[in-house]
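Below is one structure; the comments refer to it alone.
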Amino acid sequence: MLHPGLEISGPTVTKIKGDVNGPVRAGDHLQYDVTVTNPAGGGDWTLAASNGWASDKRVTFTTDLAGLGGHALLVGDVGQGTNGDRHCGSGGWNQYYCKPVDKLENNVASHTFALDAGKSHFFSYRVEVSNDYPTGATLKNEACASGEPGNGQPSIKVCGDVETELELQHPELEIKKTVANTTNPQAAEARPGDVLEYTVTVKNPGRGDWNDKTNGWRPTLSASATT
């Protein structure tokens, strides 16, 4: 009698938004990819038979996103599909083929599926790194696949994990102001009736970004006139 098996590859992490050659930092988008395989030469993971002669022997995939530590936010759904090269994996993401998993609740994603011998099922999910994390913070993610082969065989559970270091990069502020007399450009002093044009330039010379994607870290510009 042939029994099904399980193998897991990943999670692998690919930066899909941000400096692909730089460290992982606030605002970056990361894609996690996991492949679950039933090795060739064994049995199939199958649905229960309608006449009751065979039990439900499907695979269940789970990943707990709580390991991200609140330092990254899920972008969209945790997707799953049978084509990892083009539709649901590191080779690409097509929402028409990479459908949401069965359940995503309390940061835990799960999906139960049949898997024939020699076939693979693919999972992909994307996160955005937040602005608010301490020095030495990391993103941790574990994914598992499990099943009950039946026929007296022990249950199978295989897992993979990955940890990504975050680099702490702070934004900074510089401000420069100039004034021009548009009525009398050559005048040393402004006179009543002259029109003055003020130009203010705000620059971020730091290594981090000011943005409103996560925790609302944005600079505020205010101006006042005195005589």
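The values are calculated or read from the model by the stated rules, or taken from the named source; none is laboratory data. Worth saying up front: this structure is predicted, and the values here are computed from it rather than measured. With ideal geometry, Cβ positions are generated from the backbone for all residues, glycine too; neighbour counts draw on all protein chains shown.
Figures for the structure shown
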read-out: Of the criteria (1) modelled with pLDDT of 85 or more; (2) out of contact with any Asp or Glu (no Cβ under 7 Å at 6 or more places or on another chain), which one HIS111 fails; value: (2)
read-out: Leading residue by the ranking (nearest to ALA40 (Cα to Cα)) among those in region 119-141 that are crowded, with 24+ Cβ neighbours inside 10 Å and of a type in the set (A, V, I, L, M, F, W, C); value: PHE122
read-out: Members of region 1-20 that are more than 15 Å from ARG126 (Cα to Cα) and among the small types (Gly, Ala, Ser); value: GLY5, SER9
read-out: Test: residue in region 62-84 that is closer than 30 Å to PRO154 by Cα, in a loop (DSSP other than H, G, I, E, B), at pLDDT below 90 and in contact with a Leu (Cβ under 9 Å, 6 or more places away or on another chain); value: no
read-out: Flag for LYS157 being at pLDDT 80 or above, under 40 Å from the mean Cα position of the chain (by Cα) and charged (D, E, K, R); value: yes
read-out: The listed residue being of a type in the set (Asp, Glu), within 23 Å of VAL75 (Cβ to Cβ) and touching a strand residue (DSSP E or B) at 6+ places or on another chain (Cβ under 9 Å), out of GLU163, GLU167; value: GLU163
read-out: So VAL108, is it more than 21 Å from PRO4 (Cβ to Cβ) and buried (at least 16 other Cβ atoms within 10 Å of the Cβ); value: no
read-out: When residues of region 54-76 are limited to those that are β-branched (Val, Ile, Thr) and touching a Pro at 6+ places or on another chain (Cβ under 9 Å), the one farthest from SER9 (Cα to Cα); value: VAL59
